[in-house]
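Trainee: Let me begin by handing over the structure; questions about it come next.
The values are calculated or read from the model by the stated rules, or taken from the named source; none is laboratory data. Source: prediction; values computed, not measured. Reconstructed Cβ throughout: ideal geometry from the backbone, glycine too, with neighbour counts over all protein chains shown.
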Amino acid sequence: MTPALALTGITKRFGSLVANDAISLTLAQGEVLALLGENGAGKSTLVSILFGHYRADEGTVEVFGQPLPPGQPKAALAAGIGMVHQHFTLADNLSVLDNVLLGTEPLWLPFSRRREARAALVDTAQRFGLQVDPDARVAELSVGERQRVEILKALVSVGQRKGARILILDEPTAVLTPAEAESLFATLQQLVAQGLGVIFISHKLDEVLRVSHRIAVLRGGKLVATLPAAEADKAMLAELMVGRRVEMPRREPDAAVPQAEVCTLRGATVRGANGRAVLDGVSLSLHAGEIVAIAGVAGNGQQALAELLFGLRELDAGELMLQGRAMPARASAWMQAGVARIPEDRHAVGVVGDLPVWENAVLERFATPAFSKLGVIKRGAARQHAQSLIERYDVRGTQSAGVDTPTRALSGGNMQKLILGRALMADGEKAPVLIVADQPTWGLDIGAVAYVHRQLLDACAKGSAVLLISEDLDEIFALADRIAVMHHGHLSEAKPAAQWTLTDIGLAMTGEAVHAP
Amino acid sequence: MHLERRAQTSRALQLAAPLIAIAFTLAVSSLLVLWAGAPVGQAYALLIEGGFGSRFAWGETLTRATPLILTGLAAAVAFRARLFNIGAEGQLYVGALAAVAVGGLHGGSGFELSPWLLFPLMMVAAALAGALLLLGPALMKSRLGVDEVVTTLLLNFIVLLFVSMMLDGPMKDPTAMGWPQSVALQDALQLGKLIERSRVHTGLLGALVLAVLLWALLKFTTTGFQIRAVGANARASAFAGMPVGWVTVKVALLSGALAGLAGAIEVAGRTGYLTLDMSPGYGYSGIVIAMLAALNPLGVVAAAIFVAGILVGADSMSRAVNVPTYIADVIVSVSLLSMLVATLFAQYRVVFNRRASHAG
């Protein structure tokens, strides 16, 4: 049988970088093929070639035996290839139907063909079992529903004559709760049952094993393995992805010895600009030598909680104490008190990208006597400090210009190591009193994730209290002694990790259990 | 086709960018010279001759460059911190007004104070006046988020009308045959000549010293570090504990003071009294100069001399071959635009046939 999609010898170079190196792949009808690989492995490049955004230097793409003309997104659409991007491309203030119409309809028609479009939408939704109200406004939909609209849009808008035959999903679970991810997986089963071929891009091993029939692993632009999912396991996939064995550090159960309370929140309330509480009566207590994780879908108040503990936000009600003292909402005061801070957005908040590495290494402490005297920066001392940070925290990518390298030239992982080192080295050899890590491994590849985890565990062993805010449940279960779940500004009780099941957390993340007494 | 940021800009490219920009500017402007019916080669030769070709030309150029250096520094330091001060023109005039007010105290006698005391007072008053004029917009920006481009630009018109009122009213020189001008500063308060038989005055030295000081401030001090960090990424700076609002205010005071000094030095060094046509837009040209210099204080000196030379040279070219002097404004404006484009290409490269900027 002709495969739905056949890639043969696809090679793509960017200057000296070979992003795709002679990659050959096939996708059968009714199959879910997972494309697994770290950041920079070549997944996005391959998909972009498939979708006509890039033109391959060598190799061909065939759809049902027909060669696909290179570099033409329109041809890809006409051949029945649909794509759902990681970040939604919906207009919030329009209805589902309008969103599907948008970009589908030719702009020069005098009237929009709403009736035909509605029929196509309802028909497709029924065929694939995707429940969506065509007249609902996108703003009112949940994240999971929005993704369903994205999928519908892809299905309706491509290959209108022949219908969609191949669907590409780029990191589709990144924004979903566990329950929503489950429902997406069920949808995928229905899609492939209808004969669609699905390419599922991910770097999460569990879901790849769970959802796909075959797994293609990319590393450094090369296809290192294609294997049936039934024959794969997590450790093996991780090794294929990284090219070496990766020890993911884990918190030993019962490793936490109860120590002194470091930070306390009681009834902490923070209001947003519109007066609504973004943090609503949150109580939490953090102890030295313990890792507490806050789980939850982004946007449920985690940012306000983090900013509170970064010293960037004022409490509107309640109490916040650090080592028995009430703290002012001033970042410098929190740093002086020994709080190590790792922000969520490392590019926009963690570093000043245009400044060199050495200036970012002392960004939080340039005014202290160690790095300045009478208002003049001690450049020698600061550069020395940056150099030792680079060596100690293994920050790579500074070979050519050393500490003068512009910080934005660093990769995400190395940038995070710089931020981590800056925060952890603030007080010499002394471990920080408290480490507040907001999504510290977001977007990092496995090696860097393991590194960050190890640093957090080490600091905790040396007596730091650690607050880990994360959306990644694997990470939370690997590190946390206690877990609390955040939903709509409310924080559940922080219970020992062993007392939580995945189902409980999933329910709590959607607000089912948090309000219960 | 799209732009992709270069990981690093090479030294050669950094140096080549302004040269290519100037070459492009001359090429574009030559079309206008042709249109005006003058021979391009001769016109440019006259322009360069008139700006830089003789002792006299250099004298005029340096005289013109003095206020431009100061307004250029005012714009450069503010823009470094992303405080877009478009109000240097107004700050220059209030500085000049404060200078003649202090220098002309008590009917021009200054209460018989020693010039050693009165002159510094005059300069401090000018710097303070400029600084205070920018303080309002800076506070409104940092506290209320009001766009400083609008407020500083509009303040220029208010200040000019205010100066006009003062020169026609309380500060009018009764001996000026009805012209709206201030009382002249006494000779002891005027700046000495730096070069004999020219109009170059010691204010040029002052401007150069301030340029070096500002360069050192930005490069070596904690304040300069804060200014650069806040300008490059205010959110990250706030996260790292910098008082972003206070840094903005400090920069505003510095920028306004520099522009105010430009006015005072122009009065004390060149005109001796204040009229409403003292500045042919030095405040606005300062923005162009700061951008041409890529906001580097030492570069501002070079850019100010370049712009001053073009302005002076265009005057003499216009007399010789009958090309309107406005060609100078065209050259300066086009050079700014091509400089901005050149800087863009020095920082980014053009990539064809790629949509996403990362390979992954």
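Trainee: Output the residue which, of all residues in the range A:368-397 that are outside any helix (DSSP H, G or I) and more than 11 Å from every other protein chain (Cβ to nearest Cβ), is farthest from the chain's Cα centre (by Cα).
Mentor: A:369
Trainee: As an exercise: evaluate residue A:408 against (1) under 25 Å from residue A:438 (Cβ atoms); (2) more than 10 Å from every other protein chain (Cβ to nearest Cβ); (3) among the basic types (Lys, Arg); (4) not in a loop (DSSP other than H, G, I, E, B) and give the number of the one condition it does not meet.
Mentor: Looking at each condition in turn, residue A:408 falls short on (2).
Trainee: With the condition kept exactly as written, say whether any residue in the range B:76-88 is without any contact (Cβ under 8 Å) to a residue 24 or more places away in the chain and among the β-branched types (Val, Ile, Thr).
Mentor: no
Trainee: To continue, here is another question. Working carefully through the options B:319, B:355, B:270, find the one that is at pLDDT below 95, of a type in the set (Lys, Arg) and within 18 Å of the chain's Cα centre (by Cα). Don't jump to the end; show me each part of the working.
Mentor: Details: B:319 fails: within 18 Å of the chain's Cα centre (by Cα); B:355 fails: within 18 Å of the chain's Cα centre (by Cα).
One residue alone meets the criteria, B:270.
Trainee: Specify the residue that is surrounded by the most Cβ atoms within 10 Å (Cβ to Cβ); the eligible residues are those in the range B:151-195 that are under 29 Å from residue B:59 (Cα atoms) and polar (S, T, N, Q).
Mentor: Out of the qualifying residues, it is B:182.
Trainee: Tell me, please, whether a residue that is within 13 Å of chain A (Cβ to nearest Cβ) and β-branched (Val, Ile, Thr) can be found in the range B:269-279.
Mentor: Scanning the range B:269-279, I find no residue that is within 13 Å of chain A (Cβ to nearest Cβ) and β-branched (Val, Ile, Thr), so the answer is no.
Trainee: Show the residue pairs that are 6+ apart or on different chains and have beta-carbon atoms under 7 Å apart, the first residue being within the range A:353-367 and without any contact (Cβ under 8 Å) to a residue 12 or more places away in the chain, the second being of a type outside the set (Lys, Arg).
Mentor: A:367/B:222
Trainee: Taking the range A:338-362 on its own, how many of its residues are surrounded by 18 or more Cβ atoms within 10 Å (Cβ to Cβ), under 26 Å from residue A:297 (Cβ atoms) and facing chain B (nearest Cβ under 10 Å)?
Mentor: Summing the residues that are surrounded by 18 or more Cβ atoms within 10 Å (Cβ to Cβ), under 26 Å from residue A:297 (Cβ atoms) and facing chain B (nearest Cβ under 10 Å) in the range A:338-362 gives 5.
Trainee: Could you list, in sequence order, the residues of the range A:222-240 that are surrounded by fewer than 16 Cβ atoms within 10 Å (Cβ to Cβ), touching a residue at least 60 places away in the same chain (Cβ under 8 Å) and within 22 Å of the chain's Cα centre (by Cα)?
Mentor: none
Trainee: Next question. Just give me the residues in the range A:78-92 being part of a loop (DSSP other than H, G, I, E, B) and either over 19 Å from the mean Cα position of the chain (by Cα) or not assigned by TED's automatic domain parsing to the domain that holds residue A:145 (or both), in sequence order.
Mentor: Result: A:79, A:80, A:90, A:91, A:92.
Trainee: What is the number of the single condition among (1) closer than 23 Å to residue B:205 by Cβ; (2) facing another protein chain (nearest Cβ under 9 Å) that residue B:242 does not meet?
Mentor: In the conditions (1) closer than 23 Å to residue B:205 by Cβ; (2) facing another protein chain (nearest Cβ under 9 Å), residue B:242 misses (1) alone.
Trainee: Taking the condition outside any helix (DSSP H, G or I), more than 14 Å from every other protein chain (Cβ to nearest Cβ) and modelled with pLDDT under 85, does residue A:107 pass?
Mentor: Yes; evaluated as a whole, the condition is true for this residue.
Trainee: Residues that are buried (at least 16 other Cβ atoms within 10 Å of the Cβ) and free of Cβ contacts under 8 Å to residues at least 24 places away in the same chain: does the range A:129-152 have at least one?
Mentor: Checking the range A:129-152: at least one residue is buried (at least 16 other Cβ atoms within 10 Å of the Cβ) and free of Cβ contacts under 8 Å to residues at least 24 places away in the same chain.
Trainee: Take the range A:411-434 and flag every residue that is outside any helix (DSSP H, G or I) and closer than 16 Å to residue A:464 by Cα. Quick ask: steps written out before the conclusion?
Mentor: Let us first name the residues in the range A:411-434 that are outside any helix (DSSP H, G or I), namely A:411, A:425-434.
If the condition is that a residue be outside any helix (DSSP H, G or I) and closer than 16 Å to residue A:464 by Cα, then A:425, A:426, A:427, A:428, A:429, A:430, A:431, A:432, A:433, A:434 are the ones that fit.
Trainee: I would also like to ask the following. May I ask you to verify whether residue B:257 is in contact (Cβ under 8 Å) with a residue 40 or more places away in the chain and crowded, with 22+ Cβ neighbours inside 10 Å?
Mentor: In short, yes.
Trainee: Only one of these is modelled with pLDDT of 95 or more and more than 12 Å from chain B (Cβ to nearest Cβ): A:317, A:288, A:293, A:304. Name it.
Mentor: Unique residue meeting the criteria: A:293.
Trainee: In the range A:110-135, how many residues are at pLDDT 85 or above and farther than 16 Å from residue A:154 by Cα?
Mentor: 2
Trainee: Which of the helices (runs of 4 or more DSSP H) contained wholly in the range B:1-83 include at least 1 residues that are at pLDDT below 95, among the hydroxyl-bearing types (Ser, Thr, Tyr) and within 23 Å of residue B:285 (Cα to Cα)?
Mentor: Those helices (runs of 4 or more DSSP H) span B:11-35, B:40-52.
Trainee: I would also like to ask the following. Could you go through the range A:456-471 and let me know if any residue there is surrounded by 15 or more Cβ atoms within 10 Å (Cβ to Cβ), away from chain B (no Cβ under 14 Å) and modelled with pLDDT under 90.
Mentor: yes
Trainee: Sticking with this structure for a sec: What's the number of the condition residue B:49 fails, among (1) buried (at least 18 other Cβ atoms within 10 Å of the Cβ); (2) more than 19 Å from the chain's Cα centre (by Cα); (3) not aliphatic (A, V, I, L, M)?
Mentor: (1)
Trainee: Follow-up question, since we're still on this one. Determine whether residue A:169 is within 24 Å of the chain's Cα centre (by Cα), surrounded by 23 or more Cβ atoms within 10 Å (Cβ to Cβ) and under 30 Å from residue A:486 (Cβ atoms).
Mentor: Against the criterion (within 24 Å of the chain's Cα centre (by Cα), surrounded by 23 or more Cβ atoms within 10 Å (Cβ to Cβ) and under 30 Å from residue A:486 (Cβ atoms)), residue A:169 qualifies.
Trainee: Right, something else. Any idea which of (1) facing chain B (nearest Cβ under 10 Å); (2) in a helix (DSSP H, G or I); (3) within 31 Å of the chain's Cα centre (by Cα); (4) buried (at least 16 other Cβ atoms within 10 Å of the Cβ) is the one residue A:365 doesn't satisfy?
Mentor: For residue A:365, the failing item is (2).
Trainee: For the range B:9-18, state whether one or more residues are away from every other protein chain (no Cβ under 14 Å) and more than 25 Å from the chain's Cα centre (by Cα). It would help to see each step written out before you state the result.
Mentor: Pass one, the range B:9-18, residues away from every other protein chain (no Cβ under 14 Å): B:12-13, B:15-18.
Narrowing further to those that are more than 25 Å from the chain's Cα centre (by Cα): B:12-13.
Yes, there is a match, as at least one residue in the range B:9-18 is away from every other protein chain (no Cβ under 14 Å) and more than 25 Å from the chain's Cα centre (by Cα).
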